[in-house]
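Since the structure comes first, as C-alpha cells, the remarks are kept for the end.
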Amino acid sequence: MKRSIIDIWVGTFVAVGFGGLLFLALKVGNLASFSTAETYQVQAKFANIGGLKVRAPIKSAGVVVGRVSNVTFDNESYEALVTFNVDAQYRFPRDTSAKILTSGLLGEQYVGLEAGGDGVMLKQGDRLRLTQSAVVLENLISQFLFNKAAEGKDSKDGK
Amino acid sequence: MLAGLRQGLADLGSGATAKLLRLGFAARFFVAILLHSGTAFRRFGLTIREIYFAGVLSMVIILVSGLFVGMVLGLQGFETLQRYGSGDALGVLVALSLVRELGPVIAGLLFASRAGSAITAEIGLMKATEQIAAMEMMAVDPIARVVAPRFWAGVISMPLLAALFSALGIFGGYLVGVKLIGVDEGAFWSQMQASVDVRNDILNGVIKSLVFGVAVTWIAVFEGYDAPPTAEGVSGATTRTVVTSSLAILALDFVLTALMFTGGNAK
C-alpha cells in the first residue's frame, strides 16, 4: 500500500482515538464542569457529618453551587469542620444555614444551603453559624424505639 | 524408586532453570528494545507503518465489540437496576464498568489476539526465512529496524483502542438504555457525569491500557524473536503469545485495580 494512504489512515486512527478520549473526559467525566471559575471558601462545623465526602456537591434550592473541598476533625470542639468552595457567581447572606441532606432514600449526601435574611453577604473565609447534622438512621430508630417503649409504659401505668 | 525420584527432581530443576533463563532473556530483550528505540522515533515512518497494521486494522473489531459490549451492559444492567428501582443509574453502571475495567481489559484481549499474534507470526517468519540473519549480515540492527517500531506502535495504539472501545461501549449503552428501553436521557448523562471522575476513573483506565499495551507487545515481539525458526515453532510461538498475554492482562488488571481503586474509594 502506498505510504501516503497509510499516513492518512494512521492520522485518522490517532485523531479518532483522541476523539474517544476527549469524549470520555468531557461528556462522561464532565471535565468541563471542573471549571476554573472563581470560588470563595466557606467553613461550617457539624456535630456529625454522616457519610459526607470530599467533592460532594453543595446545593441551594436544588442547584449545585459548589463542592466540599475538605473535611477535618476539630480537636477543640470535637466537631467536624467542613470546608467548601462556593462558586463566586452565587452570593449568600451571612446568616445562611447549612444542612447535611441525603439525595433520595439511600443516595449520596450533600450540603444544602438555605439563605437567611441578612443584608451582609458571605465572603472568603467566613464560617456558617447555623448548621444541622446528618440524620443517622440508627439514632433515629433507637429514638423511635425508646419513644415506643416509654409510651407502652405510660399506657400500662394509666390503667 | 529412588532413581525415579531423582529423575523427577532433575526434570523439575531443569524445567525451572529453563523458564528462569527465558524470563531473564525476555527482560534483557525489553531493555534492548528500549535502548534501540532511537531509530523507531528518528525514522517515524517505520513506526507509522506498524501503527497502521496494529492499530488501524484492529479498529473494526474494537469498535464493533465495544458497541455490542455496551449494548449488552445496557440490557443486563437495566434488568438488575430496575429491581432496586434505580434504572436511572444505568449510565453510571455502563460508564464506570467500561472506563475502569471492561474497556482496557477486553480491548487488550482483542488486541493480543488480533495484533499480538500477527506481530509474533511476522517476526517469527522473518527469522525462519533468515531475513533477520540477512539484516545482521548487512549490519542493520534487527532490534532497531524490526522489533522497536512494532513495540512502540503497539504501545501507542493500545490506549487509543481502549478509549475507542469505552466510548463506543457507552454509546451502545446509551442506544439500548435511552433509545430502546426508555431511561430518561438527562438522568443517564447527568448521573454518569456526577459519578465518573476524570482522574480517578478515566485516567486510571488510560494508565491500565498503557500497561496492557506494553505487556502485550513486549510478549508478542519476544515470542516472535525467540521462536524456533520452523513452521511448527512459529505456530507454537503465536499460540503462546495469545495465551501468555491474555493471562498477563488479567493478572496485571487485578494488581492495577487493587492499587488504583481500593485506596481511592475508601476516603
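List of remarks:
- Filtering the range B:215-232 to residues that are crowded, with 16+ Cβ neighbours inside 10 Å and either out of contact with any Phe, Trp or Tyr (no Cβ under 9 Å at 6 or more places or on another chain) or not acidic (Asp, Glu) (or both) leaves B:Ala215, B:Val216, B:Thr217, B:Trp218, B:Ile219, B:Ala220, B:Val221, B:Phe222, B:Glu223, B:Gly224, B:Tyr225, B:Ala227.
- Yes/no for B:Lys208 being over 22 Å from the mean Cα position of the chain (by Cα) and modelled with pLDDT of 90 or more: no
Results for (1) under 25 Å from B:Leu252 (Cβ atoms); (2) touching a residue at least 24 places away in the same chain (Cβ under 8 Å); (3) under 17 Å from the mean Cα position of the chain (by Cα); (4) within 13 Å of chain A (Cβ to nearest Cβ), shown as yes or no for each residue.
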| position | (1), (2), (3), (4) |
| --- | --- |
| B:Gly70 | yes, yes, no, yes |
| B:Leu73 | yes, yes, no, no |
| B:Glu79 | no, no, no, no |
| B:Tyr84 | no, no, no, yes |
| B:Leu98 | yes, yes, yes, yes |
| B:Ala112 | yes, yes, yes, no |
| B:Ile123 | yes, yes, no, no |
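- The range B:41-54 residues that are more than 9 Å from chain A (Cβ to nearest Cβ), paired with ones that are among the hydroxyl-bearing types (Ser, Thr, Tyr) and surrounded by fewer than 19 Cβ atoms within 10 Å (Cβ to Cβ) (beta carbon under 9 Å, 6 or more apart): B:Leu46/B:Thr39
- Of residues in the range A:1-29 being facing chain B (nearest Cβ under 7 Å) and small (Gly, Ala, Ser), the one surrounded by the fewest Cβ atoms within 10 Å (Cβ to Cβ): A:Ala25
- Within the range A:30-45, residues that are within 14 Å of chain B (Cβ to nearest Cβ) reach no partner that is at pLDDT below 80 and in a loop (DSSP other than H, G, I, E, B) with beta carbons closer than 9 Å at six or more positions or on different chains.
The values are calculated or read from the model by the stated rules, or taken from the named source; none is laboratory data. Worth saying up front: this structure is predicted, and the values here are computed from it rather than measured. Using ideal geometry, Cβ is built from the backbone for each residue, glycine included, and neighbour counts are taken over all protein chains shown.
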